[in-house]
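These notes concern the structure reproduced below.
The values are calculated or read from the model by the stated rules, or taken from the named source; none is laboratory data. Owing to the predicted nature of the structure, the values given are computational and were not obtained by experimental measurement. For neighbour counting, all protein chains shown are included, and Cβ atoms are generated from backbone atoms with ideal geometry for every residue, glycine included. The accessibility values were calculated without ligands, DNA or RNA, using every heavy atom of the protein model including side chains. Shrake-Rupley method; radii C 1.70, N 1.55, O 1.52, S 1.80 Å.
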Amino acid sequence: MTAELIHRLHFAFTITFHYLFPQLTMGLALLIVVLKSVALKTGSEQWDRAARFWGRIFAINFVFGVVTGIPMEFEFGTNWARFARLSGGVIGQPLAMEGVFSFFLESAFLGLFLYGEKRISKLMHWFSAVMVFVGSWVSGFFIIVTDAWMQHPVAYDRLPNGQFEVLSFWQLLLNPWGLLQYAHNMTGAVITGSFVMAAVGAFYLLEGQREQYARIFLKVGVIAGLVASILIIFPTGDLHGKFVARNQPAAIAGMEGLFHSEAGAGLVLMGQPNEETGQIDNPIVVNDALSFLIYGTTKAEVKGLDQIPRDQWPTALPLLFYAYHIMAGLGTWFVLLMIVSAFLLWRKQLFTARWALWALLLSFPLPYIANTAGWMTAELGRQPWLIYGLMRTSEGYSNTVSASNGLFTLLGFMGLYALLGLLFTVLIYREISSGPEPKNTPVEPMRVAGQ
Amino acid sequence: MMGFIWFWLVAVMIVGYVVLDGFDLGVGVLHLFLVRTEAERRATLASIGPVWDGNEVWLLAGGGTLYFAFPLLYASAFSGFYLPLMIVLWLLILRGISIELRNHIDVGVWRALLDGVFGLASALLTIFFGAALANVLRGVPLNADGYFFLPLWTNWQPGLHPGILDWYTVIGGLVALVALTLHGALWLTIKTSGDLAQRARRMVTPLWLALAALTVVSLAATIAVRPVSLNNYFNYPFTFVVPLGVIASMAGIWLLNRNAQPVKAFLSSCLYLFFMLAGACWGLYPTLLPATTGADRDITLTRAISGPHTLAVGLVWWGFGMVLAIGYIVFVYAKFRGKVDLRADGH
């Protein structure tokens, strides 16, 4: 294995594992604000307990997100030093801003939200929940801005020493790629949050316990899930796809498995891309649909891989194709499931429809898969570029860190993260088993001196 | 000018990190042998529970600031210190998980294991951070491109081809271990009460004596390893106020702790950390990372600095953002001020 491959896997593995946590916390943060708002408005202790319960789940996810997130910032320097050296003037900026504008905010108010409920007013506690939400969503924004610049570099100049320098702060932050991706990505996070919330509700009802909480979870989860599942396809996914097609034709050709440019290109629903023969094996195709989706007319020509020099094809073509199709296929399932569930909720049948509850329960892992596949689509589509059109991935990794040193630490992370995954599962299982009802946790007496 | 400003802004972030995360690292080291009952342990950990991850943000924000202000330094140092940094990452992960997990687990054996992991990870982190700073002060074997790769150790001598650990950097690690453990002990005397606070206060004396000795040794060793560290001081003699500050703050810790003024003693310890770090930075300036392979390979401010527009833009949002951040931090510390009260807090 080459050093380049090891460093790519290093980053890919650690960030894929990391993103399992923030996608839930960002989605849940919004839903916790909803729970806290209802509690504040109605004075309902039940909604407050529901908020506290999800606050605990949030806290566990948050800690795992924090500890797996620290390596991400380090790895720009440790594993991608040549890239960091040239790009720091541009993307170091949003990365530092994430810390300064978001993490301080988030950690401060999360501490208050979790530990300080008895020290502050109800309104202040609600406000802490809102601030945690703002912090986590601002954090997501800066990360998307960072990625967006690598996907679609804007507002930059090159200094004589080769380093990139930002020319316009606002253009960097308002990169159109970033705005579209942010909308799409945050909607994806809300899908994860609402599917998990609905699944816990479904689990409680199937178990025949904690019905009053289960109903709250299902109500909030299904309504938020329906809205987000629609938004993820239209307009966010649709607009983002069109923008990719115009700016990264090689990526879209790889995602769709379009080897030959065509007017009235068909949409491949399933199949296996064959790089050797340059065609899709065993395809199921909807005629003209791809042209329509991208250009709004069935006649338009879509650029295929044949118009792209071979050394600029996405380097892992089949993986790109599968990742994209898995994401899109799951997105379709999310809409179907949520339309049916919302309909049952409206007809007041959801809480007794066991088959629907089972479907909701079993579907909770799918948003994680879809979000991961979505990110793989974005990042594999960018290949072979590290900064699209400007710097190749092969020019960016740390060439002073040998392949075997990289492999050693990659394996170290794999072992450690396997352990973390195990601990995480145990913790979440315990939280869900002990439920949202108040616990009489014994507190040892402790002499308290006056403040 | 921009270089001068950003050099000190990054230094401020490092000081912020060491002063704040420093006390919770110190509490992590101390709790292993200071605490006698489960209630005491809970009080000890509750004293850092609401703030430790906010304190760790200083490391991230500082790293990010370093990345955009001095990309060459960031790239070179992070890839060159690859192995110890990965170990630091693993320790940070284990430490964060273990403190958080123990709130959720009520089996004694598991709790003891997690407490042990938390304490050991905290101790190793302080040693690594101290050694890291000593590595920067000593210099690294930079190649012509500005990169290097250090093994964990070679012959334990700071020479042309040193390792991460040699006798000099081990001293640096010990200074950090003792200084931060002392810092944590002072924090505990503020935040806890009763017997526990008394024991924490009694710990200060031996730690202070060890730190005083180590401080003198480390200053002498630094001058021996890199004599040019003194140049800035002799060129601008008024800057000898920094080592005087080290002495004054050490004296302050001793006297204020003896007079039972824990808050002021803790602040003196903050000042000690500030003066030590500021003194080290001033000894380096305007070099960022000295080369053991010849001064012409030093990574200097002018070599590593980002483009002018990047830095000008950065100054605006950095100033604005840090004012906000300090606002939240003051707010949170004010909300959790006073002694730990196990009955009022928790989730």
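Work out how far the C-alpha atoms of the range B:172-259 reach from end to end along every principal axis, then list the three figures in whole Å, largest first.
50, 25, 17
Send over the Kirkwood Rh of the range B:254-347, from the inverse of the averaged 1/r over different Cα pairs, rounded to one decimal Å.
One over the average 1/r among Cα pairs gives 18.0 Å for the range B:254-347.
Considering the dipole of the protein assembly as shown built from charges on the beta carbon (Lys and Arg +1, Asp and Glu -1) around the Cα centre, which of A:Val220, B:Trp153, B:Phe78 is farthest to its positive end?
The residue sitting farthest along the positive end of the dipole is A:Val220.
On the Cα set of the range B:1-79, report Rg and Dmax in Å, please.
Values for the range B:1-79 (Cα only, Rg and Dmax): 16.6, 55 Å.
Where in chain A are the helices, taken as whole DSSP H runs, whose Cα atoms extend 15 angstrom or more along the long axis and whose Kyte-Doolittle mean reaches at least -1.0?
Helix filter hits for chain A: A:3-19, A:22-42, A:45-78, A:81-97, A:104-115, A:122-151, A:176-207, A:211-231, A:317-346, A:365-382, A:403-434.
Which order do B:Val12, B:Val136 take by accessible area at a 1.4 Å probe, largest first?
B:Val12, B:Val136
Mind checking the log10 I(q)/I(0) for the range B:96-244 at q = 0.10 Å⁻¹? Debye, one equal scatterer per Cα, no solvent, two decimals.
-0.51
How far, in nm, would the chain grow between A:Lys122 and A:Ile369 when pulled straight, counting 0.36 nm per residue and subtracting the alpha carbon separation?
85.2 nm
First select every other residue whose beta carbon is under 14 angstrom from the beta carbon of A:Ile60; then total the charges, Lys and Arg +1, Asp and Glu -1.
+1
As a test of the definition: which semi-axes, in Å, follow for chain B when you take the square root of five times each eigenvalue of its alpha carbon gyration tensor? Largest first, please.
The equivalent ellipsoid of chain B has semi-axes of 34, 22, 21 Å.
Starting from the eigenvalues of the Cα gyration tensor, five times each then square-rooted, give me the equivalent ellipsoid semi-axes of the range A:295-386, largest first, whole Å.
Output for the range A:295-386: semi-axes of 38, 17, 8 Å.
Could you give the dipole magnitude of chain B about its Cα centre, charging the beta-carbon of Lys and Arg +1 and that of Asp and Glu -1, in debye to the nearest 20?
That gives a dipole near 760 debye.
Helix B:108-138: angle to the longest alpha-carbon principal axis of chain B, degrees 0 to 90, nearest 10?
20
What number comes out for the charge environment of A:Met391, summing +1 per Lys or Arg and -1 per Asp or Glu over other residues with Cβ under 12 Å away?
+4
What's the local net charge at B:Gly64, with K and R +1, D and E -1, over the other residues with C-beta under 12 Å away?
-2
Mind running the shape call on the range B:186-328? Use the C-alpha gyration tensor, a ≥ b ≥ c as the square roots of the eigenvalues: rounded below 1.5 for a/c, prolate if a/b tops b/c, oblate otherwise.
It comes out oblate by the Cα gyration axes.
With the radius of gyration and the Kirkwood radius both derived from the Cα set of chain A, what is their ratio Rg to Rh?
Here Rg/Rh amounts to 0.99.
Which angle from 0 to 90°, rounded to the nearest 10, does the C-alpha axis of helix B:167-191 make with the longest principal axis of chain B?
Taking Cα atoms only, the helix is inclined about 40 degrees.
Using a 1.4 Å probe and ignoring any ligands, DNA or RNA, find the accessible area of A:Asp306 and quote it in Å² to the nearest 10.
Accessible surface of A:Asp306 is approximately 90 Å².
Report the FRET efficiency, 1/(1 + (r/R0)^6), for A:Gln272 and A:Gln212, where r is their Cβ-Cβ distance and R0 is 51 Å, rounded to 0.05.
That gives a FRET efficiency of 0.55.
Over both sides of the B-A contact, add up the buried accessible area with a 1.4 Å probe and give it to the nearest 100 Å².
7500
Would you mind calculating the relative contact order of the range A:23-178 from Cα pairs under 8 angstrom and at least 6 residues apart, reporting the percent as a whole number?
For the range A:23-178, the relative contact order is 26 percent.
How many nm is it between the label spots at A:Tyr429 and A:Trp170, if each spot is 7 Å from the Cα in line with the beta carbon?
Distance between the two pseudo-spin positions: 5.4 nm.
Taking chain B as the reference, fit the longest principal axis to its C-alpha atoms, fit the long axis of helix B:194-225 to the helix C-alpha atoms, and give the angle between the two in degrees, 0 to 90, nearest 10.
The answer is roughly 10 degrees.
Less than 16 Å apart at the alpha-carbon level, and either on another chain or at least 8 residues along: which lysines does that give for A:Lys41?
A:Lys122
Along each of the three principal axes of the Cα atoms of the range A:212-302, give the extent in whole Å, ordering the values from largest to smallest.
Largest first, the range A:212-302 extends 58, 26, 22 Å along its Cα principal axes.
Treating only the Cβ atoms of Lys and Arg (+1) and Asp and Glu (-1) as charged, compute the dipole magnitude of the range A:100-212 about its Cα centre; round to the nearest 20 debye.
So the magnitude is around 300 debye.
Separation of the range A:411-425 and the range A:263-293 by C-alpha centroid, Å?
39
How big is the protein assembly as shown on each of its three principal axes, counting only the C-alpha atoms and giving the largest first in Å?
Computed over the protein assembly as shown, the largest-to-smallest principal extents equal 82, 65, 42 Å.
Considering only A:Leu5, A:Leu30, A:Leu330, whose Cα is most displaced toward the positive end of the charge dipole of chain A, charges sitting on Cβ of Lys, Arg (+1) and Asp, Glu (-1)?
Checking the options against the dipole of chain A, the answer is A:Leu30.
Can you give the longest run of chain A that contains no trypsin sites (Lys or Arg not before Pro) sitting in a DSSP loop with at most 13 other Cβ atoms inside 10 Å?
A:119-298
Work the Kirkwood hydrodynamic radius out for the range A:129-276: mean of 1/r over every pair of different alpha-carbon atoms, inverted, in Å.
Hydrodynamic radius (Kirkwood, Cα pairs) of the range A:129-276 is 18.6 Å.
Pairs of alpha-carbon atoms within less than 8 angstrom and 6+ residues apart define the contacts here; what relative contact order does chain A have, in percent?
Relative contact order here is 20 percent.
Can you tell me the dipole magnitude for chain A around its Cα centre, using point charges on the Cβ only (Lys, Arg +1; Asp, Glu -1), in Debye to the nearest 20?
Using Cβ point charges on Lys, Arg, Asp and Glu, chain A gives about 1540 debye.
Could you give me D for the range A:183-242, from Stokes-Einstein at 4 °C and 1.567 mPa s, where the hydrodynamic radius is the Kirkwood radius over C-alpha pairs? Units µm² s⁻¹, please.
D = 109 µm²/s.
For B:Val323 and B:Val228, compute 0.36 nm times the residue count separating them, minus their Cα-Cα distance, and round to one decimal in nm.
Using 0.36 nm per residue and subtracting the Cα-Cα distance, I get 30.6 nm.
Among the lysines, select those whose C-alpha is under 19 Å from the C-alpha of B:Lys339, and discard any that sit fewer than 8 residues away in the same chain.
Reachable lysines: A:Lys118, B:Lys191, B:Lys264.
Please label the shape of the range A:9-116 as rounded, prolate or oblate, based on the square roots a ≥ b ≥ c of the eigenvalues of the alpha-carbon gyration tensor (a/c under 1.5 means rounded; beyond that, a/b larger than b/c means prolate, else oblate).
Because a/c hits 1.5 or more and a/b exceeds b/c, the range A:9-116 counts as prolate.
So if R0 is 41 Å, what FRET efficiency would A:Ala263 and A:Ile230 give, r being the distance between their Cβ atoms, rounded to the nearest 0.05?
In this case the efficiency is close to 0.85.
At a probe radius of 1.4 Å, what is the per-residue accessible area of B:Glu38, in Å² to the nearest 10?
Accessible area, nearest 10 Å²: 60 Å².
For labels at A:Thr2 and B:Val107 in the simple 7 Å Cα→Cβ model, what's the distance in nm?
So the label points at A:Thr2 and B:Val107 sit 4.7 nm apart.
Taking 35 Å as R0, compute the FRET efficiency from the Cβ-Cβ separation of A:Leu407 and B:Phe4 and round it to 0.05.
Computed FRET efficiency for A:Leu407 and B:Phe4 comes out at 0.25.
Amide H of B:Thr300: which non-local residues (sequence gap of 5 or more, or other chain) have their own amide H closer than 5 Å, using H built in the peptide plane?
For B:Thr300, the qualifying residues are B:Leu288.
With every protein chain left in place, what is the accessible area of B:Trp156 in Å² (1.4 Å probe, nearest 10)?
110
Output the Cα-based Rg and Dmax of the range B:23-168 in Å, rounding Rg to one decimal and Dmax to a whole number.
17.9, 57
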